[in-house]
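Below is one structure, written out as structure tokens; comments come after it.
All of the numbers you see were taken from the coordinates with simple rules; none came from a lab. No experiment lies behind these values; they were computed from the predicted model shown. Heads up, the Cβs are rebuilt from the backbone with ideal geometry, glycines too, and the neighbour counts pull from every protein chain shown.
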Amino acid sequence: MSSRIKSPQQLLAESGADLEGHGLRRTMGLFQLVCFGVGAIVGTGIFVGLSGSVAEAGPAVVLSFVLAAITCVFTAFSFAELGGAIPVSGSSYSFAYASLGERAAFLVGWCLLLEYGVSVSAVAVGWSQYVDELLESLTGLRLPAALTAGPAEGGVVNLPAVIVIALAAGLLVRGVRESARATAAMALLKIGILLVFCAVGFSAFRAGHLSPFAGHGVAGITAGASVAFFSYIGFDAITTAGEEVRNPRRNVPLAILICIGIVTLLYGAVALSAIGALGVDAVAGQPAALSLVVDRVTGSSTGGGIIAFGAVVAIASVVLAVMYGQTRILLSMSRDGLVPRVFERVSPRSATPVANTWIVAAVFAVPAAFAPLDVVVDLTTIGTLAVMAVVNLAVIVLRRRHPGLKRSFRVPLFPLSPLLGIGFCLYLMAGTGWTTWVQFAVFLAVGALLYAVYGRRHSRLAVTAPGDGAARAPRGA
């Protein structure tokens, strides 16, 4: 059955003015955009998730990070081309709409609930762990167990996780300029703290801790890469800012590539210094591994407290940036009628989707309050990889359908680059395990049902594909 497809020109025209009469403002430059990207990426994955990657791959976790980075690089090329050609707030959702049609776009938007929405919950849980670590280093006290974990982990409610989501929402509704400034400051701070960690770790480096280097073989490296990929989730959030960036055709592609380069170098150095300092057994399975490394190397809890502070700041910035991305995806879907209209309303005072932001905060505060971190990590990873595979495919389709589309960046070695991007995404998806695939299949089935019941009936797309039934006028027209 055919799907409704929007042209890139139509997407660009619709992004020029909000349907409620109040548009988003272009206030972000390249530096703020790079900081926004780093803010969206560097957080729970490295501060909390490093131990999981090390447990899978051992010292070869460095190769796991490289494998995950290669996957991201090929996909980053595709995001860069599409983000420069179609600089709208919908990101992957809009790219799918322009290439594969409305049904695929809805499912991509549904998967982005995992990447942007559910990962907010996972990131907030990680923030809670480091808040407790920081409090202990400063006062010698810990928060009550009942208030730092959900029922599955022996607690009642993860209160710090809920608080950080509420704080991020409060900042986001004030305006993009204020949020961008806060994200930039937090991004620079956490990069500085991770560089200090590397200096401390390498001061106690022992080559013997890297042997055996790949004790778990290729399977361990692949499994480690699937876990490590969670550490890279968020770089595509840069494309959700397409309507709020100055000179987006230049700045969006450039910011994506700069962010991937910075993060890959940083992650490799952190992993190598942590394992070199203490060895695999000491790092694997430790939720606050970086603080542990600094404490043991320096023989003092002060250094670990600094790392914990850096993690608190770093993870808070991820919550802020990823929540921003989720609200912009929902805004674009609402413009198309695929989700309720409340998500598209932009405040004339702050030029932000206020109701949208608070709804997102309320919905994803619930799993943050009651679910453990590892419940959602694998599902988030496979959903994100699926979206990235679609983005690579979208580049190929749009090159054929719209060869004359203005592109400020073109993927190198086309079509090999996007094909490799698809291949690496599928390879890492395989490493998530069959149970995650079953969960993902159920998740997609629910999304397909929602599209059939609500999205398809309320779509504003006036022109329908042949065999799709009578054309419907856009709602509100």
Here the Kirkwood hydrodynamic radius of the stretch 38-97, Cα-based and in Å, equals 13.5
Which is farthest toward the positive dipole end of the stretch 28-458 among Ile262, Leu290, Trp127, measuring Cα position about the Cα centre, with Cβ charges +1 (Lys, Arg) and -1 (Asp, Glu)?
Ile262
Prolate/oblate/rounded label for the chain (Cα gyration tensor, a/c 1.5):
prolate
Cβ density ranking, 10 Å radius, fewest first, applied to Tyr427, Tyr267, Tyr97 yields Tyr427, Tyr267, Tyr97
Length-normalised contact order for the stretch 28-458 - Cα pairs under 8 Å, 6+ apart - percent
35
Point-to-point label distance, Ala448-Ala362, nm (Cα→Cβ direction, 7 Å offset):
3.2
Could you line up Val157, Val118 from fewest to most neighbouring Cβ atoms inside 10 Å?
Val157, Val118
Given only helices, namely DSSP H runs of n ≥ 4 each adding -39500 (n - 2.57), what is the per-residue ellipticity at 222 nm of the chain, to the nearest 500 deg cm²/dmol?
-21500 deg cm²/dmol
Between Lys406 and Ile70, what's the calculated FRET efficiency when r is the beta-carbon distance and R0 is 25 Å? Round to 0.05.
0.30
Give the residue from Ile382, Leu112, Phe440 lying farthest towards the positive end of the charge dipole for the chain; charges sit on Cβ (+1 for Lys and Arg, -1 for Asp and Glu) and the dipole is referred to the Cα centre.
Leu112
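Give me the dipole magnitude in Debye, nearest 20, for the chain about the Cα centre, with unit charges on the beta carbon: positive for Lys and Arg, negative for Asp and Glu.
1800
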Could you work out how far helix 301-335 tilts from the main Cα principal axis of the chain, as a 0 to 90 degree angle to the nearest 10?
10
Intensity falloff of the stretch 309-447 expressed as log10 I(q)/I(0), Debye formula with alpha-carbon point scatterers, at q = 0.13, 0.15, 0.19 Å⁻¹
-0.85, -1.09, -1.30
Once the Cα atoms of helix 217-228 and of the chain are each reduced to a long axis, what angle between those two axes, in degrees from 0 to 90 to the nearest 10, is obtained?
70
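Full-extension gain between Ala214 and Arg341, please, as 0.36 nm times their residue separation minus the C-alpha to C-alpha distance.
The Ala214-Arg341 span can extend by a further 40.5 nm.
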Using +1 at the Cβ of each Lys and Arg and -1 at the Cβ of each Asp and Glu in the stretch 85-197, identify which of Gly155, Phe95, Leu189 lies farthest towards the dipole's positive end.
Phe95
Using a Förster distance of 25 Å, how high is the FRET efficiency between Leu30 and Ala199, based on the Cβ-Cβ distance and rounded to 0.05?
0.30
At a 10 Å Cβ-Cβ cut-off, how would you order Trp127, Trp437, fewest neighbours first?
Trp437, Trp127
In nm, to one decimal, how far is the Arg296 label point from the Gln10 one, both placed 7 Å along Cα→Cβ?
5.8
Shape metrics for the stretch 84-153, restricted to C-alpha atoms - Rg then Dmax, Å:
19.4, 56
With angles folded into 0 to 90 degrees, how steeply does helix 102-112 sit against the dominant principal axis of the chain? Use alpha carbons for both and round to 10.
20
